[in-house]
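FYI, it's all coordinate maths here, none of it is from the lab. From a predicted model like this one, the values you see are computed outputs, not experimental measurements. Please note: Cβ atoms are built from the backbone with ideal geometry, for glycine as well, and neighbour counts cover all protein chains shown.
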Protein chains: 2
Amino acid sequence: MSGKLTVVGLGPGSPEQMTPEALAAVADAGDFFGYFPYIDRLDLRPDQRRHASDNREELARARAAIEMAAKGGKVCVVSGGDPGVFAMAAAVCEAIDEGPAEWRDIDFSVVPGVTAMLAVAAKAGAPLGHDFCAISLSNNLKPWDLIEKRLIAAAEAGFVMAFYNPVSKARPHQLGDAFALLRRHLPGEVPVIFGRAAGRPDEAIRIVPLSQAESGMADMATCVIVGTAETKLIERDGRRPLVYSPRYFKGAGA
Amino acid sequence: MSGKLTVVGLGPGSPEQMTPEALAAVADAGDFFGYFPYIDRLDLRPDQRRHASDNREELARARAAIEMAAKGGKVCVVSGGDPGVFAMAAAVCEAIDEGPAEWRDIDFSVVPGVTAMLAVAAKAGAPLGHDFCAISLSNNLKPWDLIEKRLIAAAEAGFVMAFYNPVSKARPHQLGDAFALLRRHLPGEVPVIFGRAAGRPDEAIRIVPLSQAESGMADMATCVIVGTAETKLIERDGRRPLVYSPRYFKGAGA
């Protein structure tokens, strides 16, 4: 008898940014798998069980959750933000793909959420208002030269970029290397936004030109948005400037 | 005396996917500006006023909303999905940037939402699980050759792509042209997802290989996701296959 497996996006952190659909999925499940800080956010009943694990255990976590659902459990895998953006939905799909055939019969669904780049962009203005891309700077699962290739392609083609997993203890230098590379392909005045804990009490949003962007301005919970040559700043008295990428394209010198 | 202007993302359509923060912003405002179908979604009190307009009136709508807020009004501009992704947040920023200096003093904020590509991706599995980009196929505000350049850059660099504004009455051929171009740069078996009304009663999700993708499979409310050579299908008995882009990169022939 097969159970139910739901991968749920809890949103950027504030309960006010979690959807009713996500809340209902949490209320409906008995067992919860996820990275410690996301599991800690859940307000569970005494009959609901937590199975927290470290953030480099995604595939093992996915398999454990699927096994429990295959035995009839009502299981929830939680991610911050949206589970489909550099998070658990892909890990669960990978595990199902590689696992026994009966895992494909599980009642499997994904509940979307507000992903970090959208929450950070909202706090800054509208930096993602034009074509944009999202890149994970983690080279645990892909080679660094591929990341460099994508950074250059995005810069040359005029995509705004959002970086996920910008730094970690195991990867201290990637973000600095990315900024150095981008400085060779984009003007120094392009705005860079460092956004952390958007919408939470400890929110920190910082805007600097690419020429001054440094990896020390981010930690593993920061989402970094790099504009294009078209991205503009609106200065305001006594407040942070607004950053936006116009919907139109004028081109260099227009 | 300056009022308040909030640009709010209503989510993909189901009330279950609208955040409490968006709901509170709607409850707090007196006047609502937006495209007809988004204004129609609002459940307003008798003291709240609707100012609906057509979908090619973004800048005029933004200016009217800002003018009312500048006179002291509590004004809400609504978008479907997330207002920062090809929607009203950038139009409002453009209008503030070009408008009188006092418009910069308005209490302005943006409330993020679940954008269409996240809702469609969740229904399909995890197609955005690897690096991805979002491209508007509308050439109202940017030249078509720039869009082609971005399609090629994204295909060559291995980004999954999400297309917004894929077709309209005024732009019937862009999506077909984009598929034809991508068939020269990507394998024919790359999965393409057409997602419409994700999470709503009239939801329609269709998955076809790039070789068979046609513009007639989309309308203006469809979000189209094009995978990469790495994107995989998990076939399931009696149900739609799952589509996912693995977190790892193996490369051609791996």
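Can you list the residues, at least 5 places off or on another chain, whose amide H is less than 5 Å from the amide H of B:SER136, using H built in the peptide plane?
Those lying under 5 Å, H to H, from B:SER136 are A:ASP131, B:TYR164.
Round to the nearest 10 and give me the degree value, 0 to 90, for the angle of helix A:144-157's Cα axis relative to the longest principal axis of chain A.
On a 0 to 90 degree scale, this one is about 50.
Report relative contact order for the stretch B:117-244 in percent, whole number only (criteria: Cα-Cα under 8 Å, sequence separation at least 6).
Answer for the stretch B:117-244 is 31 percent.
Pick out, from A:SER136, B:VAL7, A:ALA126, the residue whose Cα sits farthest towards the positive end of the charge dipole of the protein assembly as shown, with +1 on the Cβ of Lys and Arg and -1 on the Cβ of Asp and Glu.
A:SER136
Please average, across the residues of B:17-24, the number of beta carbons from any other chain that are within 10 Å of each residue's own beta carbon, and give a whole number.
Taking all residues of B:17-24 together, the mean is 6.
For A:77-88, what's the mean count of beta carbons from other chains sitting within 10 Å of each residue's beta carbon?
If you average over the peptide's residues, the count of other-chain Cβ atoms is 4.
Assume the label is 7 Å from Cα along Cα to beta carbon: what separations in nm does A:GLU148 have to the matching positions in the other copies?
The answer, with the shortest distance listed first, is 3.1 nm.
Any chance you could check the Cα centroid distance between the stretch A:20-71 and the stretch B:89-121 for me, in angstrom?
Centre-to-centre (Cα) distance: 35 Å.
Please get the size of the charge dipole for chain A, origin at its Cα centre, with Cβ charges of +1 on Lys and Arg and -1 on Asp and Glu, quoted in debye to the nearest 20.
Numbers: 28 positive and 31 negative charges, 116 e Å.
Computed about the Cα centre, the dipole is about 560 debye.
Enumerate the amide H contacts of B:VAL190 below 5 Å, restricted to partners 5 or more residues apart or on another chain; note that Pro and chain-start residues carry no placed amide H.
When sequence neighbours closer than 5 places are left aside, the close amide H contacts are B:LEU210, B:SER211.
With angles folded into 0 to 90 degrees, how steeply does helix B:174-183 sit against the dominant principal axis of chain B? Use alpha carbons for both and round to 10.
Long axis of B:174-183 versus the principal axis of chain B: about 30 degrees.
How far is helix B:88-98 tilted, in degrees, relative to the longest principal axis of the Cα atoms in chain B, given as a value from 0 to 90 rounded to the nearest 10?
That helix lies at roughly 50 degrees to the long axis.
Which one of B:ILE66, B:ILE225, B:ILE234 has the biggest mean-square fluctuation once chain B is modelled by GNM with Cα springs under 10 Å?
Maximum fluctuation in the GNM of chain B, among the listed residues, is at B:ILE234.
Amide H to amide H under 5 Å from A:GLY13: which residues, 5+ apart in sequence or cross-chain, H placed 1.01 Å off N in plane?
Counting only residues 5 or more places away or on other chains, the set is A:GLY81.
Can you work out ³J(HN,Hα) from phi for every residue in the stretch A:114-130, in order, using Karplus 6.51 cos²θ - 1.76 cosθ + 1.60 and θ = phi - 60°, giving whole Hz and x for Gly and Pro?
Ordered by residue, 3J(HN,Hα) equals 6, 7, 3, 5, 6, 5, 5, 4, 4, 6, 8, x, 8, x, 9, x, 10 Hz.
Over the whole of A:141-148, what's the average partner chain Cβ count within 10 Å per residue? Rounded to a whole number, please.
Numbers: counts 6, 10, 2, 0, 0, 5, 2, 0.
The per-residue average across the peptide is 3.
I'd like the isolated cysteines in chain A, meaning no second cysteine's beta-carbon lies under 4.7 angstrom from theirs.
Within chain A, the cysteines lacking a partner Cβ under 4.7 Å are A:CYS76, A:CYS93, A:CYS223.
Any idea what the B:ARG45 label distances to the other copies are, label 7 Å down the Cα→Cβ vector, nm, shortest first?
Those label-point separations list as 3.3 nm.
If we hang a label 7 Å off Cα along the beta carbon direction at B:VAL208, how far is it from the matching labels on the other copies, in nm, shortest first?
Result, one decimal in nm: 4.9.
Just list whichever of B:LYS74/B:LYS123; A:LYS142/B:LYS169; A:LYS123/A:LYS149; B:LYS142/B:LYS250; A:LYS142/A:LYS232 have alpha carbons separated by over 31 Å in the model shown.
Going by Cα-Cα distance, B:LYS74/B:LYS123; A:LYS142/B:LYS169; B:LYS142/B:LYS250; A:LYS142/A:LYS232 fall outside the 31 Å limit.
Report the closest approach of any chain B C-beta to the axis of the B-to-A rotation: residue and distance, in whole angstrom.
Minimum Cβ distance to the axis, with residue: B:CYS133, 2.
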